[in-house]
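One structure below.
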Amino acid sequence: MADFFDMGGYAAFVWAAYGLSAVALVGLALSSRKQLKKSAEDVEAARARRKGGS
Amino acid sequence: MHRFANPAQFNRLADAILPWAIGAMVLLFAAGLYTAFFASPPDYQQGESVRVMYIHAPAAWMAMFIYMVMAVASFTALVWRHPLALLAGRATAPLGAMFTALALLTGMLWGKPMWGTYWVWDGRLTSVLILFFLYLGYMALWQSVEDEEKAGRAASILALVGVVNIPIIKFSVDWWSTLHQPASVIRLDGPTIDGSMLLPLLLMAAAYQAYFIVVFLWRMKLEINRRKLAVARQAMMHAPVGAE
């Protein structure tokens, strides 16, 4: 197990590369999801406003 | 293709594809990471650091692939004024910028132990850095010009001009043979790497491709909503006084 995490002495480089990639991929996916949700709510609100106003 | 010009139809298509794309993405990441760490040997020269390659090369392929998607979308937007094409360009740019940044960063993390340096101004590294700036420039143009139509035109033109950089990236390793090694997978005479290492590479590449489809579709839907809101806001502003 310790051998696995040591990565033949390259632990710092290998895990940093995978860690950075994971953070970036998950981060962009989550922020895209969040922005999409927010925009859908805004569209709904605008539609309701238009209906209520006229 | 014009059937998908309608945003409502595009949304329906996206919703049909998304669950499958998400399922494929999860499976491909699981298989890719398993083969990358457990079912592949250390390299005889690179040792365990070779495992960085399984996320480095796919990120670099995505960086170039997404740029071509962005360029085709920009071309379509400029020539046929297809409204969804412009949104597609906008939806791809953050994905492309991220994969380019990851290609550069993972490359640096591999370069330090293998080459002895994080960075050299070699043809490949420099042209990929330029690719990163092209993505940033594209996004900055959208931000900096107020009129959406003008912003879209300027950004699309930049995206098209930047296409010259793509063959430069691809052939940089043959034209200037400095530090970055030449291609070992995408070559005319077939891959030159062993199957045990080719498999994790291809699985991770497929996982990244599935990830791109998922996040791209989310961002397309987001862009369509954003556009709807902009149109609604404009209608509100131009409504005659007392119309409310």
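The values are calculated or read from the model by the stated rules, or taken from the named source; none is laboratory data. These numbers come from a predicted model, not from an experiment. Neighbour counts run over all protein chains shown; Cβ positions are idealised from the backbone, glycine included.
Specify which of the listed residues (B:Ala206, B:Ala230, B:Ala155, B:Ala210) is in a helix (DSSP H, G or I), under 26 Å from A:Ser32 (Cα atoms) and touching a Phe, Trp or Tyr at 6+ places or on another chain (Cβ under 6 Å). Break it down stepwise before answering.
Numbers: B:Ala206 fails: touching a Phe, Trp or Tyr at 6+ places or on another chain (Cβ under 6 Å); B:Ala230 fails: touching a Phe, Trp or Tyr at 6+ places or on another chain (Cβ under 6 Å); B:Ala210 fails: touching a Phe, Trp or Tyr at 6+ places or on another chain (Cβ under 6 Å).
Just a single option satisfies the conditions, and that option is B:Ala155.
Mind checking whether some residue in region B:187-196 is charged (D, E, K, R) and within 14 Å of chain A (Cβ to nearest Cβ)? First the steps, then the outcome.
First, the residues of region B:187-196 that are charged (D, E, K, R): B:187, B:189, B:194.
In the following step, the residues that additionally are within 14 Å of chain A (Cβ to nearest Cβ) were identified as none.
No, region B:187-196 contains no residue that is charged (D, E, K, R) and within 14 Å of chain A (Cβ to nearest Cβ).
Tally the residues that are surrounded by 14 or more Cβ atoms within 10 Å (Cβ to Cβ) and under 13 Å from B:Met64 (Cα atoms), restricting the search to region B:155-170.
8
Starting from residues that are within 7 Å of another protein chain (Cβ to nearest Cβ) and aromatic (Phe, Trp, Tyr), keep the ones in region B:204-239 and report whichever is farthest from B:Ala8 (Cα to Cα).
B:Tyr211
Could you say whether any residue in region B:89-111 is in contact (Cβ under 8 Å) with a residue 24 or more places away in the chain, more than 21 Å from B:Ala183 (Cβ to Cβ) and not in a helix (DSSP H, G or I)?
No, region B:89-111 contains no residue that is in contact (Cβ under 8 Å) with a residue 24 or more places away in the chain, more than 21 Å from B:Ala183 (Cβ to Cβ) and not in a helix (DSSP H, G or I).
Among the candidates B:Ala63, B:Ala59, B:Ala97, which residue alone is within 9 Å of chain A (Cβ to nearest Cβ), under 13 Å from the mean Cα position of the chain (by Cα) and modelled with pLDDT of 95 or more? Walk me through how you get there before you give the answer.
Working: B:Ala63 fails: within 9 Å of chain A (Cβ to nearest Cβ); B:Ala97 fails: within 9 Å of chain A (Cβ to nearest Cβ).
Residue meeting the stated conditions: B:Ala59.
Before we move on, is B:Met220 over 15 Å from B:Glu148 (Cα atoms), out of contact with any Ser or Thr (no Cβ under 8 Å at 6 or more places or on another chain) and at pLDDT below 95? Step through it out loud before you land on a result.
Values: over 15 Å from B:Glu148 (Cα atoms): yes; out of contact with any Ser or Thr (no Cβ under 8 Å at 6 or more places or on another chain): yes; at pLDDT below 95: no.
Answer is no for this residue.
Quick grid of which residues meet (1) over 22 Å from the mean Cα position of the chain (by Cα); (2) modelled with pLDDT of 95 or more; (3) under 30 Å from B:Tyr54 (Cα atoms); (4) within 14 Å of chain A (Cβ to nearest Cβ):
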site: B:Trp110; (1), (2), (3), (4): no, yes, yes, yes
site: B:Trp115; (1), (2), (3), (4): yes, no, yes, yes
site: B:Val128; (1), (2), (3), (4): no, yes, yes, no
site: B:Phe133; (1), (2), (3), (4): no, yes, yes, no
site: B:Met139; (1), (2), (3), (4): no, yes, yes, yes
site: B:Glu146; (1), (2), (3), (4): yes, no, no, no
site: B:Lys150; (1), (2), (3), (4): yes, no, no, no
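Out of region A:1-43, which residues are part of a helix (DSSP H, G or I), more than 14 Å from the chain's Cα centre (by Cα) and at the interface with chain B (Cβ under 7 Å from one of its Cβ atoms)?
Within region A:1-43, A:Met7, A:Gly8, A:Phe13, A:Val14, A:Ala16, A:Ala17, A:Tyr18, A:Ser39, A:Ala40, A:Asp42, A:Val43 qualify.
Please work out which residue is surrounded by the most Cβ atoms within 10 Å (Cβ to Cβ), limiting yourself to region B:75-90 and to residues that are hydrophobic (A, V, I, L, M, F, W, C) and under 21 Å from B:Asn225 (Cα atoms). Break it down stepwise before answering.
Let us first name the residues in region B:75-90 that are hydrophobic (A, V, I, L, M, F, W, C), namely B:75, B:77-80, B:84-88.
After this cut, where a residue has to be under 21 Å from B:Asn225 (Cα atoms) as well, the list is B:77, B:84-88.
On the way: B:Ala77: 23, B:Leu84: 22, B:Ala85: 21, B:Leu86: 25, B:Leu87: 23, B:Ala88: 22.
By that ranking, first place goes to B:Leu86.
Going by what's in this entry, would B:Ser127 be described as of a type in the set (S, T, N, Q), in a helix (DSSP H, G or I), touching a residue at least 40 places away in the same chain (Cβ under 8 Å) and surrounded by fewer than 24 Cβ atoms within 10 Å (Cβ to Cβ)?
On the way: of a type in the set (S, T, N, Q): yes; in a helix (DSSP H, G or I): yes; touching a residue at least 40 places away in the same chain (Cβ under 8 Å): yes; surrounded by fewer than 24 Cβ atoms within 10 Å (Cβ to Cβ): yes.
Here the answer is yes, as B:Ser127 does meet what is asked.
Could you grab me the full set of residues in region B:21-58 that are in contact with a Ser or Thr (Cβ under 6 Å, 6 or more places away or on another chain) and closer than 13 Å to B:Tyr208 by Cβ?
Result: B:Ile55, B:His56.
I need the full set of residues from region A:23-54 which are under 18 Å from B:Ala63 (Cα atoms) and either basic (Lys, Arg) or exposed (fewer than 12 other Cβ atoms within 10 Å of the Cβ) (or both), in order please.
Taking region A:23-54 as the starting set, the residues that turn out to be under 18 Å from B:Ala63 (Cα atoms) are A:23-29.
Matches in region A:23-54: A:Val23, A:Val26, A:Gly27.
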